[in-house]
């Protein structure tokens, strides 16, 4: 496994427009999970997926005419590796001047390459732009925390904000105030997060302050969601917990991690207004 320092993210890079599989750069999930106290020997305490949407996907048909499409890529959280974001952009760009018979050949190629790289089955869906259904943006369902009048002075992750009350509830809560920074470039990653749980009631103001405390935190989005999941499980001990974050697009794609105690099912892949 290459070190993260060798990743193309944050570096000046030549853009290659003919198919090149080795542009993909894997990142071992275990590196960050070790920091979260997961040794890699025990079963993961969550299930889930990472949903990536790519909006800059194009190739040439057999006559050399460009085809444009939107791609959806679903990575299981159990995969040993995740794909480094810029390397995936460079890889998809390498399709730009490459001829394929049809979208099925493109799907088969990407599915093979991603599955080999992350070492787990990856689901690939491609929709040609002229076949794309009318889309509308949505908001997360549930109770929005963002109107709470809280004072905030902490912008590095602080699980101590997570407190519970002696009342068993089932709640769906969400916030659009999530922000963290890319682990490599330090550039901001903006997002929204939905928390669905059953257990002792989590104090809403403390949960909002906890979400806001990610504001200057440097970590990939997938890692932030896993950190949230583990912090809430440790501090609040819910009976059931699902966390779904949807980040705004950067580099022509958005990344949407989902972690849950309950299910490996893929959540709805809808668009929030900022996506």
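Values quoted throughout were computed directly from the atomic coordinates according to the rules given, and no laboratory measurement underlies them. Fair warning: this is a prediction, and the values are worked out from it, not measured in the lab. Using ideal geometry, Cβ is built from the backbone for each residue, glycine included, and neighbour counts are taken over all protein chains shown.
Brief remarks on what is shown
- Between region 75-95 and region 102-145, the Cα center-to-center distance that results, in Å: 12
- Region 206-275: radius of gyration over Cα atoms, expressed as a fraction of 2.2 N^0.38 Å: 1.17
- Ranking of 242, 263 by neighbouring Cβ atoms within 10 Å, starting from the fewest: 263, 242.
- Working ranking of peptides 94-103, 22-31 by packing, defined as the average number of other Cβ atoms within 10 Å per residue, highest first, is 22-31, 94-103.
- Degrees, to the nearest 10: 103-118 long Cα axis against longest axis of the chain: 50
- Cα-based convex hull volume of region 1-152 per residue, rounded to whole Å³: 179
- Antiparallel content of DSSP bridges confined to region 137-272, in %, to 5: 85
- Comparing 264, 256, 218 in a Gaussian network model of the chain (Cα springs below 10 Å), the most mobile by mean-square fluctuation is 264.
- Quotient of C-alpha Rg and 2.2 N^0.38 Å, computed over region 137-272: 0.99
- Dimensionless Rg/Rh of region 47-122 - Kirkwood Rh, Rg from C-alpha atoms: 0.99
- Ordered by the number of other Cβ atoms lying within 10 Å of each residue's own Cβ, fewest first, 65, 86 fall into the sequence 65, 86.
- Cβ-based exposure ranking for 196, 18, 204, in which fewest neighbours within 10 Å come first: 18, 204, 196
- As a calculated quantity, the FRET efficiency between residue 151 and residue 216 at R0 = 22 Å, using C-beta atoms, amounts to about 0.85.
- Zone residues, region 234-251, relative to residue 168, backbone N less than 16 Å from point 7 Å out along Cα-to-Cβ: 237-241
- All-pairs alpha carbon distance profile, the chain, 10 Å steps from 0, percent: 6, 29, 34, 21, 8, 2, 0
- The long axis of helix 221-236 is offset from the longest Cα principal axis of the chain by roughly 20 degrees.
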